[in-house]
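My questions all concern the structure below.
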Amino acid sequence: MSLLAPHVSEPASAASSVPADYARWRARARELLEPLAGLMSPGRASLPLPGRPSDHDAQADRLESYARPMFLAALYLQSSPEGEGAAALAFRERLAAWFRAGLAAGADAASPEYWGPDANYHQHHVEMGLMAIGLRLARAQLWAPLAAGERARVLTWFATARGGGIVNNNHLFMSVHILEFLGAEGAGHRTDRAVITAHLNQLETMHRGGGWFEDGINQAYDHYNAYAFHFYGLLWARLHGAADEARARRWRDWARLFLADYQHFFAASGEHPAFGRSIAYRFNALAPFGLAAAEDALGLPAGRARRLCTRNLEFFLSRPIRDAATGCLAPGFVDAWPEIVEPYSCPASPYWCAKGFTPLLLPPAHPFWTESEQALPVEAEPDFARVMTAPGLVARGLPGGEVEILNAGSMVSNGQLRYGAWKWSKLSY
């Protein structure tokens, strides 16, 4: 059972204090969290989401069922509260308390809820990287209230990520954010800065021009440019870039270039083409827009960015993408269809979509929320054609506000055949 009924009305004073779209986004995040809250049992560090397991292992799936919802909770918890309503405050407090307790138990080697340590080329590394970011963004709600001993055990668990083998692609960002988190919390090691620098340098070698990155061993261009490179790069600039302004400026400049192209991927309805792997993450495709606005790297009108993001979010949330029994997100794209997901996906994987809620990092008074909406590219110029040289892609407008991606630069590599050639190697999407 949900902790709260959806669409609980805010007091008039609270509702008028924030723009309507800000309140809508905050409410959407809460609506996604409510079914998850109904599955939260005291003393547990995972959620019993239904579905078939990944090809990792049971511990990785358990951690994923905590980490991805935790990031959504972090973005919601750090947002402007919903007025003076007691029910909304109680929901926030109960949500934060469960995630704090789960973190303390899951990172405790003496607990039956222990997730286990990180290991070479393991999925734990990916989830731990996202958790490190979430704990930075919602530190006051999820980290600071922990007892000193609990924080020490959690830091010891995060430190198991040191020195392991990491896939040569966007996964290198995970160790960057884990080690930065350890350093910020007083648990750094003398070698950490050298590793952070080396991994950031390696990630920058994957830039192919115009803000586009080839995802290491995946040898392809797809939504992972938004899901990962510009998401993690902008977050590094935001959280840690003051120590290396030149590098932070590069990531902001690359994001601005990328979004100038990427805005053309979205139809008038808000939908984007199902191109590349991990399309079950749905509105994760929005990940860089809010962050770019926060870092003054948007490069397009804030009102257009909000219209694009809101339409994409609502496009998916208006579809039958939830599990009928729990109300939680189910694998699929425009509906619940487990067959579409890759073997590395588990029941919690769709909650990578939490990255799409980064606009909640922007205060209600930010131009992203207050500027008048502006037309999307396909609305302003229905027959546009946008040539993207670096990835070998062309985005073009079609009748009815649709968009098409013509692909001449991406194909599935020999090492990624398990995902199917149709994910990358078709001419048109």
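The values are calculated or read from the model by the stated rules, or taken from the named source; none is laboratory data. Model, not experiment: these values are computed from the prediction. Positions of Cβ are generated from backbone atoms using ideal geometry, with glycine treated the same way; all protein chains shown enter the neighbour counts. We work out accessible area using only protein heavy atoms, side chains counted, and drop any ligands, DNA or RNA first. Shrake-Rupley method; radii C 1.70, N 1.55, O 1.52, S 1.80 Å.
When only DSSP loop residues count, what trypsin sites (Lys or Arg not before Pro) in region 323-429 have their Cβ near at most 15 other Cβ atoms within 10 Å? Could you put the intermediate results ahead of the total?
Working: sites: Lys355, Arg386, Arg396, Arg418, Lys423, Lys426; in loops: Lys426.
Hits after loop and neighbour filter: Lys426.
Further question on the same structure: Using alpha carbons only, what's the Rg to Rh ratio of region 70-220 with Rh from Kirkwood?
My calculation puts Rg/Rh at 1.02.
If you stretched the chain out fully between Lys426 and Ala274, how much longer would it get, using 0.36 nm times the residue separation minus the C-alpha to C-alpha distance?
53.6 nm
If you don't mind, there's one more thing I want to ask. Computed FRET efficiency, Cβ-Cβ of Leu406 and Asn168, R0 25 Å: what is it to the nearest 0.05? Mind dumping the intermediate values first?
On the way: r = 29 Å, r/R0 = 1.15.
The computed FRET efficiency comes out at 0.30.
In nm, give the distance between the simple-model label positions of Ser41 and Ala380, each being 7 Å from the Cα along the Cα-to-Cβ direction.
Label at Ser41, label at Ala380, 5.3 nm between them.
Using a 1.4 angstrom probe, figure out how much accessible area the chain has per residue, in square angstrom, rounded to the nearest whole. Show your work: numbers first, answer last.
Details: 15810 Å² over 429 residues.
Per residue, the chain has an accessible area of 37 Å².
Sort region 97-163 into rounded, prolate or oblate with this rule: let a ≥ b ≥ c be the square roots of the eigenvalues of the Cα gyration tensor; rounded if a/c is under 1.5, and if a/c is not under 1.5, prolate when a/b is larger than b/c, oblate otherwise.
oblate
Further question: For the pair Ala325 and Leu239, how long in nm is the line joining their label points, each one 7 Å along Cα→Cβ?
3.5
Still on this structure: Using a Gaussian network for the chain with springs between C-alpha atoms less than 10 Å apart, which of these wobbles most: Ala237, Ala132, Ala246?
Checking each option, the largest mean-square fluctuation is seen for Ala246.
Another one. Among [x] 32, 27, 26; [y] 30, 26, 22; [z] 38, 25, 18, which is the computed semi-axes √(5λ) of the Cα gyration tensor in Å?
Step by step, semi-axes √(5λ) of the Cα gyration tensor in Å for this structure corresponds to label [y].
Right, next: Assuming 0.36 nm per residue, please report the length gained on full extension of the stretch Ala58 to Ala86 beyond their Cα-Cα distance.
This chain segment gains 6.3 nm when fully extended.
Could you identify which residue out of Val126, Val154, Val387 has the top mean-square fluctuation in a GNM of the chain using Cα springs shorter than 10 Å?
Between Val126, Val154, Val387, it is Val387 that shows the largest mean-square fluctuation.
Which one of Tyr76, Tyr121, Tyr262 has the biggest mean-square fluctuation once the chain is modelled by GNM with Cα springs under 10 Å?
Comparing Tyr76, Tyr121, Tyr262 in a Gaussian network model of the chain, the most mobile one is Tyr121.
With the cut-off at 1.5 for a/c, could you classify region 83-131 from its C-alpha gyration tensor as rounded, prolate or oblate? Kindly include the intermediate steps, with their values, before the conclusion.
Values: a/c = 5.96, a/b = 2.17, b/c = 2.74.
Note, shape of region 83-131 comes out oblate.
Work out from phi, with θ = phi - 60° and the Karplus expression 6.51 cos²θ - 1.76 cosθ + 1.60, the ³J(HN,Hα) of each residue of region 121-129, listed in order in whole Hz, and give x for Gly and Pro.
Here the 3J(HN,Hα) series is 6, 9, 5, 3, 4, 5, 5, 5, x Hz.
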